[in-house]
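Below: the structure, in structure tokens.
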Amino acid sequence: MSLRAERPARRGDPVPDDDVEIVRDDEASRYRLLLGGGQAGFAKFRASPGRIIFTHTVVDPAFEGRGLGSMLAKWVVEDAIRRGERIVPRCPFIAAWLRKHPGYEESIDWPGGQPVNA
């Protein structure tokens, strides 16, 4: 058995995709990021017909630096597009992720009309 396999995961360690589950919980108005069955984060939203406003995204500090926030952002954006929803990125994390990942512009309604480059 290797030392790497014996030590707990650390900041920067990648997370295998098959350990991650993301589910949309419409009753709680959030997407839940599950890791090994436990909640590791979430993306809060407000939905209206044809539109989803992302308001807040959190990854538990114990799991930060492992790419989970980006995994969550990509999944929620692509799920909204699959559902035919216009994306309004009020959450700073989702907005920053969208600015770094071109290709979604046709589905975004930026607050104030234009993306802020950061």
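The values are calculated or read from the model by the stated rules, or taken from the named source; none is laboratory data. Please read all numbers here as calculations on a predicted model, not as lab measurements. Heads up: the accessible areas ignore ligands, DNA and RNA and are worked out on the full protein's heavy atoms, side chains in. Shrake-Rupley method; radii C 1.70, N 1.55, O 1.52, S 1.80 Å.
So here's what we get for this one:
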| item | result |
| --- | --- |
| Selection from the range 51-75 of residues that are part of a helix (DSSP H, G or I), open to solvent by 40 Å² or more (accessible area, probe 1.4 Å) and not aliphatic (A, V, I, L, M) | P61, F63, S70, K74, W75 |
| Evaluation of A28 against (1) over 11 Å from the mean Cα position of the chain (by Cα); (2) assigned to a helix (DSSP H, G or I) (one fails), failing number | (2) |
